């Protein structure tokens, strides 16, 4: 039996016991679900969010379930906050994390003609510049170690466009292009870089953006599976892309959208 067939049981290749992961947006929604799922797979979670109370609550839930984790305050609109987050995480871990999960995101739904520069700045910082800065800070240590998984939450809006989310879609398209390019640059060092593109998901962000009503009903009707995703369903794919099961997958975008964008 050659090496590639050794130790490749499903249990083995999805086990993250002892692996370290930094997660942004851990306070709620997909980020919270992702933190919980990483912990259930055995990973040690270092969660960041600007909402300290809810972020701490996520870590408390992980510990109560028998997992390991720590909270580090993070504001993706602040370069100083990102730098402090990275420095603290590296100090606690003792080096680079095994996994970076960029999950935090922000949206504003309105016609582009009604956008203002402050909206552009905010969305660009949270959805693109912040994650890029964080990766840039961690990357030298990951390259030196010659291993690591980087998983970033994009959006199908960044692949096929979305009316009323023009600038948001632009930031998500940018993070997709960045991830693909980074995957090419880092492949020889043994890193993998992939994106998960969620469809409409039942999160506080989505519910605050598209409340109950005709627009929401029409959107759900357009989804072939006729429902919103649950945050944990997105989290499962994020965690999967961080496991040894995907060691030969890089530069990819996986849509988890209930079939909404199967044509994209």
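Read-outs throughout are calculated quantities, based only on the coordinates presented, and are distinct from any laboratory measurement. Only a predicted model underlies this, so the values are computations on that prediction, with no experimental measurement involved. Virtual Cβ from ideal backbone geometry, glycine too; neighbours counted across all protein chains shown.
Rg and Dmax, both from the Cα atoms of the chain and both in Å, are 17.9, 63.
What fraction of the Cα pairs in the stretch 212-264, stated in percent, has a spacing above 12 angstrom? Distances greater than 12 Å cover 71 percent of the Cα pairs.
Considering helices alone, the calculated mean residue ellipticity of the chain at 222 nm is -13500 deg cm²/dmol, with DSSP H runs of length four and up weighted by -39500 (n - 2.57) and normalised per residue.
Ranked by the mean number of other Cβ atoms within 10 Å of their residues, highest first, the peptides 132-145, 111-124, 30-43 come out as 30-43, 132-145, 111-124.
With viscosity set to 1.306 mPa s at 10 °C, what whole-number translational diffusion coefficient in µm²/s follows for the stretch 89-228 from Stokes-Einstein and a Kirkwood radius over Cα pairs? This corresponds to a translational diffusion coefficient of 97 µm²/s.
If neighbour count is taken as other Cβ atoms inside 10 Å, put 214, 92 in order from fewest to most.
Details: 214 7, 92 14.
So the ranking, lowest neighbour count to highest, is 214, 92.
Size descriptor for the stretch 132-199, Kirkwood hydrodynamic radius: 12.6 Å (Cα pairs only, one decimal).
Quick note on the stretch 163-264: its Rg to Rh ratio, both from C-alpha atoms and Rh being the Kirkwood radius, is 1.02.
Take the stretch 9-70, drop everything but the C-alpha atoms, weight them equally and run the Debye formula without solvent; then report log10 I(q)/I(0) at 0.15, 0.17, 0.19 Å⁻¹ to two decimals. So the normalised log intensities work out to -0.38, -0.48, -0.58. If you model the stretch 1-145 as an ellipsoid using its alpha carbon gyration tensor, with each semi-axis the square root of five times an eigenvalue, the axes come out at 30, 18, 16 Å, biggest first. With an 8 Å cut-off on Cα pairs and a minimum separation of 6 or more residues, tell me the relative contact order of the stretch 96-233 in percent. 27 percent.
Full extension from residue 61 to residue 222: what is 0.36 nm times the residue separation minus their Cα-Cα distance, to one decimal in nm? Don't jump to the answer; show the numbers that get you there.
Values: separation 161, 0.36 × 161 = 57.96 nm, distance 3.50 nm.
Extra length from residue 61 to residue 222 when fully extended: 54.5 nm.
Residues 236, 12, ranked from the fewest to the most other C-beta atoms within 10 Å, line up as 12, 236.
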